[in-house]
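The structure appears below as structure tokens.
The values are calculated or read from the model by the stated rules, or taken from the named source; none is laboratory data. Everything numeric here is computed off the predicted structure, so don't read it as measured data. Here the Cβ positions follow ideal geometry from the backbone for every residue, glycine too, while neighbour counts run over all protein chains shown. Ligands, DNA and RNA are excluded from the accessible area calculation, which covers all protein heavy atoms including side chains. Shrake-Rupley method; radii C 1.70, N 1.55, O 1.52, S 1.80 Å.
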Amino acid sequence: MHIKTTSYQTEVTTLRRNLHKQLPAEALAVFDADAERLQDTHITLLKCTEGDTAYDFSLPNAVGTPKRLSELLADQKVVLVFYRGTWCPYCNLQLRHYQTELATIHALGAQLVAVSPQTADASLDIKERNELQFEALSDQGSVVAQQYTTVFKNDDAPVMAMKALGFDFDAHYSDASRLLPVPAVFIIEQDATISFAASLGGDYRNRVDVSTIITHLKKA
């Protein structure tokens, strides 16, 4: 029997309570101010939308094996997810949230593919930490991401706040660009047509709920 998945918004409320307990108030204030600044700064986010042809790419997965979008589409449609990195608690929550409905996504004729600019080792870390059973690809310098969503340079304030907490942001990446994607989700049909494109804005605390993805897959 299928158990109803808790919404991302419900889960993020719990995450926020935990972060308030785990992080110094001044650090959390820096991260929240950064999220709010990004929300105000990035208004037009998506570089492609419904009806567009998806940009083809080949990126290494968590063990370094190249994965090409057009080859993945030969098997099933693709739910393409752009996220920031394994250091981001909201990214971890989002991908765990999607994992709970992975069987449903597969049953609806789709596969889940997550893309971030971090190294393959960092991608492997997020897969193992969250027991993810879908591909996590490495997009160095956010080259592919900028074909789909807005890309921006991470600000010094959150990087320094992370450093003060003992997290080395730059260690997760193989270049010094500090370019990150605005989180976004796309559903790509097997003929490479984008049938769904969504982002909830520059505020990275907000993510597309898995129920929204499933609703659109059922429409196909």
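Here Ser58 meets each of (1) over 25 Å from Asn154 (Cα atoms); (2) at pLDDT 95 or above with one exception, condition (1).
A quick yes/no check of all residues on (1) in contact with a Gly (Cβ under 6 Å, 6 or more places away or on another chain); (2) of a type outside the set (Lys, Arg):
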| position | (1), (2) |
| --- | --- |
| Thr150 | no, yes |
| Ala157 | no, yes |
| Asp168 | no, yes |
| Ser177 | yes, yes |
| Leu180 | no, yes |
| Pro183 | no, yes |
| Glu189 | no, yes |
| Ile194 | no, yes |
| Arg205 | no, no |
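Being part of a strand (DSSP E or B) and closer than 24 Å to Thr65 by Cα is a description that does not apply to Leu132.
Yes or no, residue by residue, for (1) in contact (Cβ under 8 Å) with a residue 12 or more places away in the chain; (2) under 28 Å from Ser58 (Cβ atoms):
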residue	(1), (2)
Val144	yes, yes
Phe152	yes, yes
Asp156	no, no
Met162	yes, no
Pro181	yes, yes
Ala184	yes, yes
Ser199	yes, yes
Tyr204	yes, yes
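The single residue among Lys77, Lys67, Lys47 that is closer than 18 Å to Ser138 by Cβ and either touching a residue at least 12 places away in the same chain (Cβ under 8 Å) or surrounded by 14 or more Cβ atoms within 10 Å (Cβ to Cβ) (or both) turns out to be Lys67.
One residue is enough: does the range 112-134 have a residue meeting the conditions of a type in the set (Lys, Arg), over 10 Å from the mean Cα position of the chain (by Cα) and more than 22 Å from Ser211 (Cβ to Cβ)? Yes, the range 112-134 contains at least one residue that is of a type in the set (Lys, Arg), over 10 Å from the mean Cα position of the chain (by Cα) and more than 22 Å from Ser211 (Cβ to Cβ).
In the set (1) surrounded by fewer than 16 Cβ atoms within 10 Å (Cβ to Cβ); (2) farther than 20 Å from Asp175 by Cβ, the condition left unmet by Ser58 is number (2). Note on the range 29-46: residues that are at pLDDT 80 or above and more than 17 Å from Arg84 (Cβ to Cβ) total 1. Number of residues in the range 91-125 that are under 19 Å from Phe169 (Cα atoms), in a loop (DSSP other than H, G, I, E, B) and out of contact with any Gly (no Cβ under 9 Å at 6 or more places or on another chain): the value is 1.
The residues of the range 144-172 that are touching a Leu at 6+ places or on another chain (Cβ under 9 Å) and either on the phi > 0 side of the Ramachandran plot or of a type outside the set (Gly, Ala, Ser) (or both), listed by number, are Val144, Gln146, Tyr148, Thr149, Thr150, Val151, Phe152, Lys153, Asn154, Asp155, Leu165. Figure legend. Inter-residue proximity from the range 3-29: first residues of a type in the set (A, V, I, L, M, F, W, C), second residues open to solvent by 60 Å² or more (accessible area, probe 1.4 Å), beta-carbon distance below 7 Å, spacing 6+ or different chains. Indicated pairs: Ala27/Ala164; Leu28/His20. Inside the range 80-106, residues that are of a type in the set (S, T, N, Q) and surrounded by fewer than 21 Cβ atoms within 10 Å (Cβ to Cβ) make up a count of 4.
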